[in-house]
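Taking it in order: structure first as structure tokens, then the write-up.
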Amino acid sequence: MKHRDAMTGSAQRRTGATPLVLCALLVVGGCVWDFRSQSERTTETMNAWIGHPVDDLILRWGVPSASAGLSLGRRALTWQGPTNFSAVSVYGQGAGSTFGSARSCRRTIIVDSDDRIIAWSFESC
């Protein structure tokens, strides 16, 4: 298909590829791939809380599901949930089944006597 440039008056050939290329660049450019594992992302999140007041964490995550006093005025606070579910689907001869397991994420932080976060652990997150 040809069209005439209004400014120069010259004939130019228009292809459908230009809009397609621009669209592809927008889609690819708008995607951010995070290839880290869930464990790596959780570790990064937990490390970011070290040194912060525990009140900041409670305001962000809510009230912990459990707490325990430790020696030297330290405390352990635990948040339970949400549940992670991993599943495998098996199909064959016109029927399918899904097998899976539910795991509850447990995050525990340790705070010092000044209520600053000094350590953490997590399981199944």
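Read-outs throughout are calculated quantities, based only on the coordinates presented, and are distinct from any laboratory measurement. Values in this document were obtained by computation on a predicted structure and should not be read as measured data. Methodologically, a virtual Cβ is constructed for each residue, glycine included, from the backbone with ideal geometry; neighbour enumeration extends over all protein chains shown.
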For residue 58 and residue 38, compute 0.36 nm times the residue count separating them, minus their Cα-Cα distance, and round to one decimal in nm.
5.0 nm
For residue 45 and residue 67, calculate 0.36 nm times their separation in residues minus their Cα-Cα distance, and state this gained length in nm to one decimal.
5.9 nm
Would you calculate the separation in nanometres between label points at residue 121 and residue 105, each defined as 7 Å from the Cα along the Cα-to-beta-carbon direction?
1.9
